[in-house]
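Have a look at the structure below before the remarks.
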Amino acid sequence: MKRQLFWGLVALLVFVGFLARTERSWAQTGAARVAPDSQSIDTVTLNPDDVDKSATSALGAVNRRASILATRSPKAESSQSQPSLTTSPNSTLVAHPQHIVDFDGDGKTDFSIIRNNGLGVSSSWISLLNDGTDANVRYQNWGVSDVDQFEPADFDGDNHTDYAIWRPPVNGQHAAFWILNSLDGTVSYVEFGVEGDDPSVVRDYDGDGKADVAVYRRDATANKGTWFYSPSSGPYKGAVVGFQWGTASDSPYTGDFNGDGKADFAIDRPSDPNNLNSQSEIWIHYGDGGVNAGGATADRVDRWGVFSDLYIPGDFDGDGKTDLAIARNVGNQLEWWVRWSTDDSVHVVRWGVSSADTIAQGDYDGDGKTDIAVWRQSDRTFYILASSTGTPIYKAWGVTTGVDTPTAGYDIEYF
């Protein structure tokens, strides 16, 4: 069958009806460690890919049904030749607080796990605050195990992460976000999305410092992918905005790639649609906080990683922009490749075990830069490579019985 070689026409949808929102008061109620390979970070310099940023077409899509995804395995080696090593550049940038999985608002990612208590039973969020005391624990039941998807973010703008889940349609109910606001303890119920939507694209699209409810929807019949979000402020506050960007087989890659404080629209797809281990193309359209009147044109196109890599959103150099970052299985080790947006330098480090660890990136040392991090179930330990010092941080938290998962890994798409 001849593959489609063009983007669908842009769909800019603004629905007049506002989302139903309900707010009400809600009564609140170390094992032995085997460290990941801690080799020093290799820093290399690569020239950015020369791309036609005005291009509005892309290569045809690849079928990514579950049957195909089940056979996908990461490529052992990069499709790029190994560059020679150079001295790591020193950054003098002013740090941007990230407040990722930061329940006390101190700018540090907390040691947090979500516990699956069994099908249909409330999930438990258990967090050891990263305040240096090892004494302050927060425990919150929120969401239903094996039903809800967890989307921790700061929805009320107080720099504290809120407990939040997206529940698909069940028992005749509408799909909806349930948010426990840290600012005042109220609950926000927002009907949003349909069966099959992907809520991992929750971000701040209007730049007001508050996360906006959002989903990414794949339409296999029309072969298109559409982002839907509801701004929390501005002229479209409470409305549903839709923007078509990508095809049904693309994967959304969330972040703020130009540093304007507004989430952008990005997808990744294989450069060769017949080869899932071909180099990925990242197509980015900068969001404008409204209906994206600029149309469906690519503001930036990058090739980074291969399609079977894990894409990891984060600001690893602290400049306020999302960097291109992936983790790859190489000999059962996780090999991280990060390209800084400040100077396009590439940083490679092996950290973690592919078969044992879960990605848990965050800013654990509070320097405004994303740290490379994993959580290992076998010894219930966070292994963190601190960006401020380059030294490891270890913290045992959780249990080894297979019911815990790190909260910080909520936006990693595993295959």
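The values are calculated or read from the model by the stated rules, or taken from the named source; none is laboratory data. Treat the numbers as computed from the prediction; the structure is a model and nothing was measured. Every residue, glycine among them, receives a Cβ derived from its backbone with ideal geometry; neighbour counts consider all protein chains shown. Just so you know, the surface numbers come from the protein's heavy atoms only, side chains and all, with ligands and any DNA or RNA stripped out. Shrake-Rupley method; radii C 1.70, N 1.55, O 1.52, S 1.80 Å.
One table, with the values for the structure above:
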| item | result |
| --- | --- |
| Dipole in debye (nearest 20) - region 219-358, about Cα centre, beta carbon charges: Lys, Arg +1; Asp, Glu -1 | 320 debye |
| Whole-percent carbon and sulfur share, accessible surface of region 262-415, 1.4 Å | 46 percent |
| Packing-based order for 259-271, 179-191, 314-326, using average beta carbon neighbours within 10 Å, highest first | 314-326, 259-271, 179-191 |
| Span from the region 222-239 Cα centroid across to the region 316-366 one, whole angstrom | 30 Å |
| Peptides 105-116, 132-143 ordered by average Cβ neighbours within 10 Å, highest first | 105-116, 132-143 |
| Theoretical gain in end-to-end length, D344 to T401 [0.36 nm per residue, Cα-Cα removed] | 16.4 nm |
| Length gained when the stretch R300-V121 is fully extended (0.36 nm per residue, less Cα-Cα span) | 60.0 nm |
| Region 350-415, dipole about Cα centre (Lys/Arg Cβ +1, Asp/Glu Cβ -1), debye to the nearest 20 | 220 debye |
| Average accessible surface area per residue within region 183-289, 1.4 Å rolling probe, Å² | 30 Å² |
| Amide H partners (placed H, <5 Å) of Q279, local residues excluded | S271, D272 |
| Gain in span if fully extended, S388 to D260, counting 0.36 nm per residue against the direct Cα distance | 43.6 nm |
| Three-way shape call for region 286-357 based on the alpha-carbon gyration tensor, with the a/c threshold at 1.5 | prolate |
| Links that overshoot a 25 Å alpha carbon limit, given the list K108/K262; K262/K395; K237/K262 | K262/K395 |
| Tensor-based shape of region 320-415 (alpha-carbon gyration tensor, a/c under 1.5 rounded, otherwise prolate or oblate) | prolate |
